[in-house]
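One structure is given below, encoded as structure tokens.
The values are calculated or read from the model by the stated rules, or taken from the named source; none is laboratory data. It should be emphasised that the depicted structure is a prediction, and the values quoted were computed from it without experimental measurement. Cβ: placed from backbone, ideal geometry, glycine included. Neighbour counts: every protein chain shown.
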Amino acid sequence: MNLKELNKVAKAIVADGKGILAADESGPTIKKRFDTIDTESTEENRRRYREMLFTAKGVADYIGGVILFDETIRQSTGDGVPFARYLNDLGMIAGIKVDKGAKPLAAFPGETITEGLDGLRDRLKEYVSLGAHFAKWRAVISIDNGGNGSDSSDGIPTEFCLRANAHALARYAALCQECGLVPIVEPEVLMDGNHSIERCAQVTSRTLELVFAELADHRVELEGILLKPNMVISGTDASNRAGQEEVAKATLDVLRKHVPAEVPGIAFLSGGQSAEEATEHLGLMNRMGPLPWELSFSYGRALQAPALDAWRGKAEQFEAGQKALYKRARLNSLAHLGKYEPTMESAA
């Protein structure tokens, strides 16, 4: 492991207002997205869609890293240039999703554990040979208050589920650094549910506390990772959803308490927020500095949804899709820099 090189890559991904394009949707997930635009999820359509995103003019000014799926890192542009090489040459550092998905946690109904550790060292070595410089592993944490909205600490998530997922994240991160890859550590507390912002803050705090304890136990060098957390936000079905300023403040309170300053950057997941909502929350937080880490974005839907809708699988709308991605990348970069204003949505 070369810590200096890992730190250099981690910093470059989130430098100068840049963030991450999460284009690592699995087969079933991308099929669901394509179904919404009446486009068949064939290998060529998936390749063409990713090519639309990656070759969008000017996007490299705002995107410092791109997370790829296993199929995508083996694909190429229409000119025959492997996607990973194409991205790296533009300064959009290529990364790879390496987990095998969240599976039911035995004996813990309603909870999951992310699988994929078996054989991971060999897979990481292959991904390095294919051009990857960082990796991503997602843990999925659900909040269930039994449907009564009481915000009781009983129920889901259990302490065991949090510990099991934190342990797996740390094992993955240690293997990544051993192989020379920057690990993106992604413990996602889902928005699904009727829980309050206070309950989300409680669960997110405990999750991060356990994750960083496990990272320390596994001797993971924090200067060579990136953190991809959820924002602290009300459940999607909550009756009294917190406002944007409250989300920004609550999120920063939790991060300042639990994320060491050695971590080069925090790149939020959007987690089901609308494109505009995710951008505004990020912008508000970056105006509440100074902050010890870069506070950036690692968005999937919040970057891609407008581009997907503009493209709709049609060759004649390829450029329209690229322009939609460019707009969202630029606005999120401005949010990273603390310069975003909601009025820019109509002007961009």
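Miscellaneous remarks
- Only one of the listed residues (219, 199, 171) is in contact with a Leu (Cβ under 9 Å, 6 or more places away or on another chain), basic (Lys, Arg) and at pLDDT 95 or above. That residue is 171.
- Counting the residues of the stretch 36-93 that are in a helix (DSSP H, G or I) and either touching a helix residue (DSSP H, G or I) at 6+ places or on another chain (Cβ under 9 Å) or in contact (Cβ under 8 Å) with a residue 60 or more places away in the chain (or both) gives 23.
- Taking first residues from the stretch 24-35 that are among the β-branched types (Val, Ile, Thr) and partners that are outside any helix (DSSP H, G or I) and at pLDDT 95 or above, the Cβ contacts under 6 Å between residues at least 6 apart in sequence or on separate chains come to 30/41.
The rows are residues; the columns are (1) crowded, with 16+ Cβ neighbours inside 10 Å; (2) under 22 Å from residue 306 (Cβ atoms).
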site	(1), (2)
19	yes, yes
25	yes, yes
34	yes, yes
42	no, no
53	yes, yes
57	no, yes
64	yes, yes
92	yes, yes
107	no, no
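- Single unsatisfied condition, residue 273 versus (1) polar (S, T, N, Q); (2) under 18 Å from the mean Cα position of the chain (by Cα); (3) at pLDDT 95 or above: (3)
For every residue, the table says whether it meets (1) surrounded by fewer than 20 Cβ atoms within 10 Å (Cβ to Cβ); (2) part of a strand (DSSP E or B).
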| position | (1), (2) |
| --- | --- |
| 169 | no, no |
| 186 | no, yes |
| 213 | yes, no |
| 223 | yes, no |
| 231 | no, no |
| 240 | yes, no |
| 257 | yes, no |
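- Residue match in the stretch 8-15 (condition: among the small types (Gly, Ala, Ser), closer than 23 Å to residue 324 by Cβ and either free of Cβ contacts under 8 Å to residues at least 60 places away in the same chain or assigned to a helix (DSSP H, G or I) (or both)): no
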